[in-house]
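Colleague: Have a look at this one before I ask anything.
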Amino acid sequence: MKTPKTVFSEKIHLDGLLEAILSDKKLHARWLYTLSYLENCGAKKIARFQIIFKENVPLFVLQHASEEFRHTYFMKKQILKLGLDPDLDVPLLGGMKAKNLLNLLDVKILKLLKQEKVVEKEQLCYFAYLLTTFAIEKRAENLYNSYQEKLTQHNSKVSIKSIIKEEENHLEEMELKLKDYPILWNLRKKVVEIESGIFSQFLNGLFKEILPLNY
Ligand SMILES: [Fe+2]
Ligand SMILES: [Fe+2]
């Protein structure tokens, strides 16, 4: 479990990074490009996972998939507000750590569920979807609120307020779904801890990559 001290230092860490990112237009565009990429990974994951429902995909899953695809588009479109080309081929911030972020989380959550003796294929897939999404929405809540705070401080034309509202709804929905299954409800803290470990590594990578450019 995280201690309040590590949570506090992560906040300072993130604040410094966001300050550096927003102070450099090209870096800010790469940040938005990276967020768009991560949103797209999440959206594609939800799209692939729908196969377990065969013809009748639940409404909440369809809504979630469509909103995550919209976030992908929305993040990339914000690059226009910086006066830059959203389709320029720039490297992801965080490189391989960004590329593997979601897959790594998925693998660790599947392993955790197998340790908990969830083995039936469709149930494993559904449970992994719920837990992974829960952890991602928790991260989005924290990361996007910090980012929006910084955008407001900088009087930026970029705004992600409409995304934050939808991510809040996703998180509430995931909490309700987890409550339907005691095994998942009991694993929720563990899963957030796993995600925090992976995200901290990504953040550390960003820190090393960005800060020497700015200070
Ligand atoms: Fe999203
Ligand atoms: Fe979401």
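The values are calculated or read from the model by the stated rules, or taken from the named source; none is laboratory data. Nothing here was measured: the structure is a model prediction, and the numbers come from that model. Because the Cβ atoms are built from the backbone with ideal geometry, glycine has one as well, and the counts that use them run over all protein chains shown.
Colleague: What's the total number of residues in segment 84-107 that are crowded, with 18+ Cβ neighbours inside 10 Å, away from ligand 2 (no atom under 16 Å from the Cβ) and in a helix (DSSP H, G or I)?
Modeller: 2
Colleague: Which one is nearest to ligand 1 (Cβ to nearest atom) among residues in segment 149-174 that are closer than 13 Å to His28 by Cα and polar (S, T, N, Q)?
Modeller: Taking the candidates together, the pick is Ser159.
Colleague: Pairs needed: first member in segment 128-139, at pLDDT 95 or above; second member anywhere, more than 10 Å from ligand 2 (Cβ to nearest atom) and of a type in the set (Phe, Trp, Tyr); C-beta distance under 7 Å; at least 6 residues apart or different chains.
Modeller: Cβ pairs passing all conditions: Arg139/Phe199.
Colleague: For segment 74-87, enumerate the residues that are touching a helix residue (DSSP H, G or I) at 6+ places or on another chain (Cβ under 8 Å) and of a type outside the set (D, E, K, R).
Modeller: Answer for segment 74-87, where residues must be touching a helix residue (DSSP H, G or I) at 6+ places or on another chain (Cβ under 8 Å) and of a type outside the set (D, E, K, R): Phe74, Met75, Gln78, Ile79, Leu82, Gly83, Leu84, Pro86.
Colleague: Next up: Only one residue in Leu211, Leu176 is under 17 Å from Gly94 (Cβ atoms) and either assigned to a helix (DSSP H, G or I) or in contact with a Ser or Thr (Cβ under 6 Å, 6 or more places away or on another chain) (or both), so which one is that? Walk me through how you get there before you give the answer.
Modeller: Working: Leu176 fails: under 17 Å from Gly94 (Cβ atoms).
Within the list Leu211, Leu176, the selection yields Leu211.
Colleague: Can you name the residue in segment 140-195 that is more than 27 Å from Leu82 (Cβ to Cβ) and among the acidic types (Asp, Glu) and, of all such residues, is nearest to ligand 2 (Cβ to nearest atom)?
Modeller: So, considering only residues that are more than 27 Å from Leu82 (Cβ to Cβ) and among the acidic types (Asp, Glu), the one nearest to ligand 2 (Cβ to nearest atom) is Glu173.
Colleague: Working only within segment 15-40, note down all residues that are of a type in the set (Asp, Glu) and closer than 15 Å to Tyr144 by Cα.
Modeller: As a first pass, look at segment 15-40 and keep what is of a type in the set (Asp, Glu): 15, 19, 24, 39.
Hits for segment 15-40 are Asp15, Glu19, Glu39.
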